[in-house]
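The values are calculated or read from the model by the stated rules, or taken from the named source; none is laboratory data. From a predicted model like this one, the values you see are computed outputs, not experimental measurements. As a convention, Cβ positions derive from the backbone with ideal geometry for all residues, glycine included, and neighbour counts pool all protein chains shown. With ligands, DNA and RNA removed, areas are computed over all heavy atoms of the protein, side chains included. Shrake-Rupley method; radii C 1.70, N 1.55, O 1.52, S 1.80 Å.
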Amino acid sequence: MLGHMQSQPLLISSLIVHAERHHARGQIVSRRVEGDIHRTDWGQIAQRSRQVANAINGLGLAVGDRFATLAWNGYRHLELYFGVSGSQRVLHTLNPRLHPEQLAWIVNHAEDRVVAFDMTFLPLVKAVAAHCPTVKHWIALCDADKLPADSGLPGLLSYEAWMGQQSTDYIWPEFDENSASSMCYTSGTTGNPKAALYSHRSTILHAYSAALPDSLCLSARDSVLPVVPMFHVNAWGLPYSAAATGCSLVFPGPAMDGKSIFELLESEKVTMAAGVPTVWQMLLGHMQTEGLKFSTLKRTVIGGSACPPAMIEAFNNDYGVEVLHAWGMTEMSPLGTVCTLKRDQMELTPAEQMKVRLKQGRAVYGVDMKIVDADGKELPWDGKTYGDLLVRGPWIIASYFKGEGGDPLVRDEAGHGWFPTGDVAVIDADGFMQITDRSKDVIKSGGEWISSIDVENIAMAHPAVAMAACVGMKHPKWDERPIVVVVKKPGKEVTREELLAHYEGKIAKWQIPDDVVFVDVIPLGATGKMQKMTLRQQLKDYVLPG
Ligand code: AMP
C-alpha cells in the first residue's frame, strides 16, 4: 500500500522558489573582483536566476549539458547555481587553481558547452580556450562596458548583457529528482581527476541535513560567510542550505587574506563562517597582530583538513567562538561528520571537552559509517582500534562520472555498497570519529589536492632520476607540503635546484615540491610498491626548508 502524500520531486529550483517567497529581503553581500561591495537579496537572486535560465535556453543548450564556471564566491555565481541546475543543465564548477593543462583536460572530459568566468581568470581562459573544442560560449562575469576589446576570445559575451535583457518570467521545469544537477572533479584518488556528479535529490537531502542544529545549525537569523570556495564541493552545500533556511550570505570574492575576511565578518555582522584551517590561520594571525576581537561571530565550521588543537583553543578561549570541526569529501557532497557535543558531555571539564572537540565528529543523519580491517571485517567502536573508513548514504557517490575507475563501492553481506574514503580512523563508543591517517596517496596543501603521482612522474622524466616518491610533510600554515624523495641513476648527477627547476611550467606553482631529498633506496613492498608509510617513518626527523 502506498502512502497518500503528494509526490513532489526534490529539485534545486524549489530552494530558490522558497527563498524568494519567504526570505526575499534576506541579504546577499559580495566583495566583487572589482574590489567594491555589492548588495542584493534572495528576491533579486531568484529573479536573475530565472533570467539566467531563459538566457541558457537562448544558447540552445540541451537537457544535461554541462555549463562550467571559473569563478570566486559571489552573487553571479549564486545565480548560476540555481539558473543552470534549475533549468535541467549541469553546473560544473572548475577549480581555477589548477595548471592550464589540467584544467583543459577536465573541461574536455566533462565536455563543457559553456564556461562563465570572473575577469581575474581571463589569462587562464586565454591559455586554455584553444584546447577546449567542446566549449561553444565563453561568458565573462561582468557588465557589458567592462568586456575587454582584446580578449582574443571570439564571441565573448558579457554576463550582464547576456542575461540582463531576458524576461524574469520562467517556469522551472519538473523532472526526475535523480537527474544530474552539478559536478565537481577531484584528484583525491589516484590516476586522472574524476568527477562526482551530484543529483537534485542528493543536493536537497544534503541541504536539509547540513542545516540541522547538530550539523551547521543554520537559520533565518544567521549571516553566513563561506570562505570555502563555490568551486570546491559547492562551498560545502552552503548556498543550498542558505536558500532553504533563509540565512543571509556574505561572499568574500577573491580576497581571502586575514584582513579582508575580518573586515567583512565585522561590517556584515556575520554569525557563522566556514573554511579550511589555512584560511583561519591567516585570520587569527591578523587578529593577534592587530589585537582585534569579533563582535558578532558565533560559530566557525572548519574542515577539509584536520583542525589543529591550538586553533580550536584560540577560537574558543580567546574569541568565544565555537569551532565545528567537520569532515567530508567531494564524493560525499561533502558533509559526513560534525563535532558537536552530546548532552552528557556538557558536564565534562573544559579539558575533557577539548579532547572530544578535536575529533572529526559524529555522522550527520543520512550518513552511515564504519571502520573495517584489511579483510573488510567491521571493527569495534572503542576509540582505539583503527581501520579503513567506509561510508554510505543518499548523498554519497555510487560511481564516478562516465564510470571512470569502475565500481568504487565495497559490498557488505546484505549487498549494500559502501564507499571507501581512503581515510583511516577510530570511532569511539559515542560514535565520534577521529581520522588517524590517510591510506590514499595524495597530499592536501591549504585545502587543495596535490597528486603524488603527478609529482613523481615529472621527477621520473628527468634523465638522472631512477626512482621518485612524493610524500607530504606537516606544515604549520599549509597543513601539508610535498617533498620528493629521489634515487639517482648510477653515474648520473642532478642537484636539488635543477630538479625543482625541472617542475616549472609542468604543474601549478603551488604543487611543486618544497624540497628534494636524495636517498640510496626507497623502501619497496612485496609487490614492488613504494612503502610510503615506512618512508615517512624514516623521514620523521626531517624538517621542511623555512
Ligand atoms: P575533498 O574531497 O577535497 O573535500 O577532500 C576530502 C578529504 O580531505 C578527506 O577524505 C580527508 O582525507 C580530508 N579531510 C577533510 N576534512 C578533514 C578533517 N576535518 N580532518 C582531517 N582530514 C580531513
Seminar exercise, completed: By the C-alpha gyration tensor axes a ≥ b ≥ c (rounded if a/c is under 1.5, else prolate when a/b exceeds b/c, else oblate), the shape of the chain is rounded
For this session: With all protein chains present, calculate the accessible area of Asp515 using a 1.4 Å probe and round the result to the nearest 10 Å².
Result: 20 Å²
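Take every DSSP beta bridge whose two residues both sit in the chain, then give the antiparallel share in percent to the nearest 5.
Numbers: 49 of 85 bridges.
DSSP beta bridges in the chain are roughly 60 percent antiparallel.
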Exercise. Around Ala104, with a cut-off of 13 angstrom between Cβ atoms, what is the net charge of the other residues, counting Lys and Arg +1 and Asp and Glu -1?
Worked result: -2
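Rounded, prolate or oblate: pick one for segment 443-538, where a ≥ b ≥ c are the square roots of the eigenvalues of its C-alpha gyration tensor, a/c under 1.5 means rounded, and failing that, prolate if a/b is larger than b/c, else oblate.
Working: a/c = 1.84, a/b = 1.18, b/c = 1.56.
Oblate is the answer for segment 443-538, as a/c is 1.5 or above yet b/c matches or exceeds a/b.
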Exercise. With each run of n ≥ 4 DSSP H residues scored as -39500 (n - 2.57), what mean residue ellipticity at 222 nm is computed for the chain after dividing by its residue count and rounding to the nearest 500 deg cm²/dmol?
Worked result: -8000 deg cm²/dmol
Exercise. How far is the Cα center of segment 436-513 from the Cα center of segment 92-138, in Å?
Worked result: 26 Å
For this session: Using Cα pairs closer than 8 Å and at least 6 residues apart in sequence, work out the relative contact order for segment 443-538, in percent.
Result: 26 percent
Seminar exercise, completed: Ignoring ligands and nucleic acids, Lys259 exposes an accessible area, probe 1.4 Å, in Å² to the nearest 10, of 110 Å²
Seminar exercise, completed: Cross-link reach from Lys492 to lysines, straight Cα distance under 30 Å and at least 8 residues apart if same chain, gives Lys506, Lys509, Lys529, Lys532, Lys540
Problem set entry | Protection-proxy order for peptides 345-354, 95-104, 197-206, each taking the mean of Cβ atoms within 10 Å per residue, highest first | 197-206, 95-104, 345-354
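Under 1.5 on a/c is rounded, so check that first for segment 222-345, then, if it is not, pick prolate when a/b is larger than b/c and oblate when it is not; a ≥ b ≥ c are the square roots of the alpha carbon gyration tensor eigenvalues. Could the numbers behind the result be given before it?
Working: a/c = 1.44, a/b = 1.15, b/c = 1.25.
Rounded, since a/c falls under 1.5.
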Exercise. Normalised by the residues of the chain, what does the relative contact order come to in percent, with Cα pairs under 8 Å and at least six apart?
Worked result: 10 percent
